[in-house]
Structures are given as structure tokens and as C-alpha cells.
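Shown next, in C-alpha cells, is the structure this report addresses.
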Amino acid sequence: MHKQARIIAICHPKGGVGKTTTTMVLAAALAERGYRVLVADCDAQASASAWANAAPELKPFPAAVVNLSAYAGKVHREIQKQLDNYDFVVVDCPPGLDSLSPQSAILVADLVIVPLPPSPADLWAARGVKLLIERGADFNLALKAAILPNRVVRTSLSNAIMRELAEFGIPLMSSRLTNRTAYQEAVVSGVSVSALGRDAKVAVDEVNALTDEVLGLLGEGK
């Protein structure tokens, strides 16, 4: 019998940290492994929808994308309507601590991923989503959360922040997404990273490692 979809919410209260990139590369990788995947685009900027709409006409983006930005605090109800139709729902949450969509998504999520570039401003802002996760866990007892180091670069400041992340209070993922042009190229072309071919091999490896780790966290590993 088909299990209900697992829900992965991608959250951070600050814009520009890579929520949509994380959402779309993960959703595409899951779909390319044969899972039925829905992206719930909850951001009014609709970047995930624009990414999918940029896909070539004869080769659509591998995951379905639906815009739920108008539902705000009722996003969880709309997601729950789709649980029998998909294996995974990946939620691209909007920025802003006052936004109701992340709070709503966390209520029903199995896993919250916090993309976090190694910068002081992004780290400070992430404290807000930590509070949201802690509050959500009071209602959603099965909720898991993890920090995904994103746009990682090798600098002394980056290394210092990475060490601080280990003490943040949310588990740090072992996978990383680094600062590579392949991710921007995928956005412009409306495709998955793997569709870019051999030139994107390192980015593909990063996304595969992320996907493996996410599946493991959800008990869906090999």
C-alpha cells in the first residue's frame, strides 16, 4: 500500500540564503530517482515556479510545482490534500519571521532543512527559525530539523562560523552545497543540476549527497 508523502520544509527567515535552490535541486534529484515529488511554492516571489516555467517545452522540470503563496497560515491544509498523490512534498518557504506559511508548513513537516551560508548575518537570522522549529515541535512531535551549510567557501571566517554551527542547537548535515555557477545555470535553464551534463559533475555529486542524507534522515535510505 502506498505510504503518504513525506513533507520537507525548507525554511530560513532571511532572503537570499538559497531556500529555492535547495528546494528545487532536492526535489529534482528525488524525482529523478523515481519518486513522485511536488514542490509547494509558498513564496510570493514565486521563484520556484519561475524555475519550473523556464524548462524546455519538451522536457518539463522533473518535479511538479504548485504555487500556494496565497494560503499563508492554511498552507498545511493544502499540503495535506496532496499526501496520497506524491511520495515527497518539498515546501519552499518565504522569508520573514512574521510570515504564516513557514509556521503552517512546520506543523505538518517531517523534516525542516535550514539552508545557511556561513556568514554572521545569516547565522544571526537563523535564530528566528530555530524558535519556530522549537514551537512547532510542541505540536508536531515527529518533527526533525537539520542545518544545511550552503554556498560554502573556504575562508577563515567561513570555517569559524561552521564551527559555531556545530553548537547551534540544530543538527548540522554532513552534506554541503558550495558556491557553484551550476546552480545558477540550472535556474536559468529550468532544469535539474544533473541535466547540465559533465560540466556540473561536482554540483551533481553535492546534490546526490544531500539527497542521500535527506532520505536517511527520513528513514527512506538504502
Unique residue being in a loop (DSSP other than H, G, I, E, B), modelled with pLDDT under 95 and in contact with a strand residue (DSSP E or B) (Cβ under 6 Å, 6 or more places away or on another chain) when the list is 147, 170, 133
170
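Which ones in the range 133-151 are among the aliphatic types (A, V, I, L, M), out of contact with any Pro (no Cβ under 6 Å at 6 or more places or on another chain) and buried (at least 18 other Cβ atoms within 10 Å of the Cβ)?
Listed by number, the residues that qualify are 133, 143, 145, 147.
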Go through (1) among the aliphatic types (A, V, I, L, M); (2) in contact with a helix residue (DSSP H, G or I) (Cβ under 7 Å, 6 or more places away or on another chain); (3) closer than 15 Å to residue 6 by Cβ; (4) surrounded by fewer than 23 Cβ atoms within 10 Å (Cβ to Cβ) one by one and return the number of the condition residue 123 breaks.
(3)
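Determine whether residue 89 is open to solvent by less than 20 Å² (accessible area, probe 1.4 Å) and of a type in the set (A, V, I, L, M, F, W, C).
Numbers: open to solvent by less than 20 Å² (accessible area, probe 1.4 Å): yes; of a type in the set (A, V, I, L, M, F, W, C): yes.
In short, yes.
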Would you pick out the residues in the range 63-86 that are more than 21 Å from residue 4 (Cα to Cα) and open to solvent by less than 50 Å² (accessible area, probe 1.4 Å)?
69, 72, 73
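Only one of 13, 60 is under 16 Å from residue 193 (Cα atoms) and either open to solvent by less than 50 Å² (accessible area, probe 1.4 Å) or out of contact with any helix residue (DSSP H, G or I) (no Cβ under 6 Å at 6 or more places or on another chain) (or both); which?
Values: 13 fails: under 16 Å from residue 193 (Cα atoms).
Exactly one residue qualifies, and that residue is 60.
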Under the condition of being assigned to a helix (DSSP H, G or I) and among the small types (Gly, Ala, Ser), which residue from the range 104-114 is farthest from the chain's Cα centre (by Cα)?
104
Boolean, residue 101 is touching an Asp or Glu at 6+ places or on another chain (Cβ under 7 Å) and either outside any loop (DSSP other than H, G, I, E, B) or open to solvent by less than 50 Å² (accessible area, probe 1.4 Å) (or both):
no
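The values are calculated or read from the model by the stated rules, or taken from the named source; none is laboratory data. Keep in mind the model is a prediction, meaning the values are calculated, not measured. Virtual Cβ from ideal backbone geometry, glycine too; neighbours counted across all protein chains shown. For the accessible areas, the whole protein counts, side chains as well, though only heavy atoms, and no ligand, DNA or RNA atoms are used. Shrake-Rupley method; radii C 1.70, N 1.55, O 1.52, S 1.80 Å.
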